[in-house]
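Trainee: I'd like to ask some things about the structure below.
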Amino acid sequence: AQKVTQAQTEISVVEKEDVTLDCVYETRDTTYYLFWYKQPPSGELVFLIRRNSFDEQNEISGRYSWNFQKSTSSFNFTITASQVVDSAVYFCALSGGPGGGADGLTFGKGTHLIIQP
Amino acid sequence: DTGVSQDPRHKITKRGQNVTFRCDPISEHNRLYWYRQTLGQGPEFLTYFQNEAQLEKSRLLSDRFSAERPKGSFSTLEIQRTEQGDSAMYLCASSPPSGRRSGNTIYFGEGSWLTVV
């Protein structure tokens, strides 16, 4: 069964600090995809990144970076020099869950990130 | 490029009433999903369409729930005889065609908030 665990329910940091959001997943699939979404108070889920299981190369996009480690089944997300606008709930998700025949997603419970000015 | 559009954004209804939500996916996306999200939880899969065919339904989708996508474009989600436990945000999402499970990105709408009083 698919499972995504985001152990950090809430993180609060002061602006300009670096922060890492943890994500651990479980799957029996050999091919799968991992995602991060951002959900601001407005409610829309904003796509941030997709990573396939064959590509363990870390990725950096501006202040965002992602560390995928297959050996530990983790896909962690780091925000460098955090800003107040980064405040949101962040979800990690795994493909192959319900609706998996069409890339449906299994989500973690999310991490509420609070950036204090 | 227009994103996934949902209507209404907010709905307050009395217990026992029927409600209907509409979703307009991104143009040319043949795959459409409905998810439900309650406070403090990640989105949970409800159902999935490929074109007009409903290919998968979650056990969360009780007999009071029905979804349609009559022409393979927009979709409706109807909840009959609403209960207080139905209060949640209903998220629609779409993704482009894919020949096989390839991890295409799923794009979400802003959601429709339902409050049953």
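The values are calculated or read from the model by the stated rules, or taken from the named source; none is laboratory data. This one's a predicted model, so the numbers in the text were calculated from it and none came from an experiment. Please note: Cβ atoms are built from the backbone with ideal geometry, for glycine as well, and neighbour counts cover all protein chains shown. The accessibility values were calculated without ligands, DNA or RNA, using every heavy atom of the protein model including side chains. Shrake-Rupley method; radii C 1.70, N 1.55, O 1.52, S 1.80 Å.
Trainee: Using only alpha carbons, build the gyration tensor for the range B:40-107 and give me the equivalent ellipsoid semi-axes, biggest first, whole Å.
Mentor: Largest first, the range B:40-107 gives 23, 15, 10 Å.
Trainee: Between A:Lys16 and A:Lys70, what FRET efficiency follows from the Cβ-Cβ distance if R0 is 35 Å, with the result rounded to 0.05?
Mentor: 0.65
Trainee: Count charges around A:Arg63 for me, please; just the other residues with Cβ under 13 Å from its Cβ, Lys/Arg as +1, Asp/Glu as -1.
Mentor: With Lys, Arg at +1 and Asp, Glu at -1, the neighbours total -3.
Trainee: OK, next. To the nearest Å, what is the center-to-center distance of the range A:62-77 and the range B:47-117, using C-alpha atoms only?
Mentor: 30 Å
Trainee: Taking just the alpha-carbon atoms of the protein assembly as shown, what radius of gyration and Dmax come out, in angstrom?
Mentor: Just the Cα atoms of the protein assembly as shown yield Rg and Dmax of 17.7, 52 Å.
Trainee: At a Cα cut-off below 12 Å, give the aspartates and glutamates reachable from B:Lys71, other chains included and same-chain residues fewer than 8 away excluded.
Mentor: Result set, ordered by chain and number: B:Asp24, B:Glu52.
Trainee: Let me ask something else about it. With contacts defined as alpha carbon pairs under 8 Å and 6 or more residues apart, what's the relative contact order of chain B in percent?
Mentor: Averaging sequence separation for qualifying contacts and normalising by length gives 36 percent for chain B.
Trainee: Turning to a different aspect of this structure: Taking amide H atoms as placed 1.01 Å from N in the peptide plane, list the residues 5 or more away in sequence, or in a different chain, whose amide H sits under 5 Å from that of B:Ala88.
Mentor: Result for B:Ala88 returns B:Leu114.
Trainee: List the lysines whose alpha-carbon lies under 18 Å from that of A:Lys38, not counting same-chain residues fewer than 8 positions away?
Mentor: Straight-distance partners of A:Lys38: A:Lys109.
Trainee: I've got another one for you. Of all the Cα-Cα pairs you can form in chain A, what percent are over 23 Å apart?
Mentor: So the portion of pairs separated by more than 23 Å is 25 percent.
Trainee: On to the next question. Apply the Karplus parameterisation 6.51 cos²θ - 1.76 cosθ + 1.60, with θ equal to phi minus 60°, to every residue of the range B:81-94 and state each ³J(HN,Hα) to the nearest whole Hz, in sequence, with x for glycine and proline.
Mentor: After applying 6.51 cos²θ - 1.76 cosθ + 1.60, I find 6, 4, 10, 4, x, 7, 4, 4, 9, 9, 9, 9, 9, 9 Hz.
Trainee: Can you return the aspartates and glutamates within cross-link range of B:Lys57? Criterion is Cα-Cα under 19 Å, with same-chain partners fewer than 8 residues away left out.
Mentor: Reachable aspartates and glutamates: A:Asp103, B:Glu44, B:Glu68, B:Glu78, B:Asp86.
Trainee: Can you send over the solvent-accessible area of B:Phe108, 1.4 Å probe, protein chains only, in Å² to the nearest 10?
Mentor: Solvent-accessible area, nearest 10 Å²: 10 Å².
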